[in-house]
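K.L.:
Provided herewith is a single structure, encoded as structure tokens, for subsequent inquiry.
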Amino acid sequence: MKTRHPMILTARIAEHDLMPFDLLRQKHFPPDRNFLRAHLTMFHRLPGEYVDIIVESLRSVAKNTGAISANVSGVRHLGAGVAFTIENVKLHSLRDALRSDFVQWLGSQDMQAWRPHITVQNKASRAKADELFHKLAGDFSPHDITIVGLDLWRYLDGPWANEVTVPFAD
């Protein structure tokens with residue numbers, strides 16, 4: 001669906017778990033393109049024209065969801081950057097439920113198989129991406145992060161503005 005007011009949905013990562021990814025992003029993301037903190041995108045383009053319906057869906061799903069302990073399972077080479085792979089069945093189920101609610105609006109990027117990740121480098125040369133990938137992969141140990149809710153953002157041609165944060169039930 002075409003929209004004049006695109007919105008992005010991300011999983012809200014607990015602050016103490018997000019900080020290390022954020023520091024890597026600040027260090028390795030091109031400064032002229034680094035408008036936001038590290039994040040885990042769930043949907044890339046939702047129609048802002050339907051923000052009330054979207055928020056209602058988020059609240060409905062979140063009220064029956066507790067904090068999710070997801071596994072940071074590996075380092076992923078993106079070609080022009082590097083990301084950390086995130087795994088959790090409950091997180092996939094949550095996205096599938098939202099996908100059912102949003103399916104009539106989704107473009108090809110959001111219809112394809114979802115591979116959750118947190119990007120810490122993008123728009124870099126292949127050589128810089130290779131270097132960071134090998135460094136991070138060599139030092140990597142799987143660990144868990146906590147996902148505590150959902151964030152809906154307005155896309156502002158580069159930066160994002162938070163529309164609403166929907167916390168998961170305790």
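K.L.:
Would you mind finding the one in Leu24, Leu94 that is surrounded by 15 or more Cβ atoms within 10 Å (Cβ to Cβ), over 18 Å from Lys135 (Cβ atoms) and not small (Gly, Ala, Ser)?
P.N.:
Going through Leu24, Leu94 in turn, the sole match is Leu94.
K.L.:
While we're here: Being open to solvent by 50 Å² or more (accessible area, probe 1.4 Å) and within 15 Å of the chain's Cα centre (by Cα) is the filter here, so list the residues in the stretch 30-68 that pass it.
P.N.:
Matches in the stretch 30-68: Phe35, Arg37, His44, Arg45.
K.L.:
Moving on to the next point. Of these, Ser108, Ser125, Ser141, which one is in contact (Cβ under 8 Å) with a residue 24 or more places away in the chain, over 19 Å from Glu49 (Cβ atoms) and among the polar types (S, T, N, Q)?
P.N.:
Criteria check complete, one pass: Ser125.
K.L.:
Being assigned to a strand (DSSP E or B) and surrounded by fewer than 20 Cβ atoms within 10 Å (Cβ to Cβ): is that true of Ser73 here?
P.N.:
Here the answer is yes, as Ser73 does meet what is asked.
K.L.:
Which of the residues belonging to the stretch 3-19 are among the hydrophobic types (A, V, I, L, M, F, W, C) and either open to solvent by less than 20 Å² (accessible area, probe 1.4 Å) or part of a strand (DSSP E or B) (or both)?
P.N.:
Met7, Ile8, Leu9, Ala11, Ile13, Ala14, Leu18
K.L.:
Only helices (runs of 4 or more DSSP H) wholly contained in the stretch 77-139 count here; list those with 2 or more residues that are within 30 Å of Phe168 (Cα to Cα).
P.N.:
Counting at least 2 such residues, we get 89-102, 108-111.
K.L.:
Specify the residue that is farthest from Ile13 (Cα to Cα); the eligible residues are those in the stretch 104-158 that are of a type in the set (Ser, Thr, Tyr) and exposed (fewer than 13 other Cβ atoms within 10 Å of the Cβ).
P.N.:
By that ranking, first place goes to Ser125.
The values are calculated or read from the model by the stated rules, or taken from the named source; none is laboratory data. Just so it is clear, the model here is predicted, and its values are computed rather than measured. Every residue, glycine among them, receives a Cβ derived from its backbone with ideal geometry; neighbour counts consider all protein chains shown. Accessible surface is based on the protein model in full, side chains and every heavy atom, while ligands, DNA and RNA are left aside. Shrake-Rupley method; radii C 1.70, N 1.55, O 1.52, S 1.80 Å.
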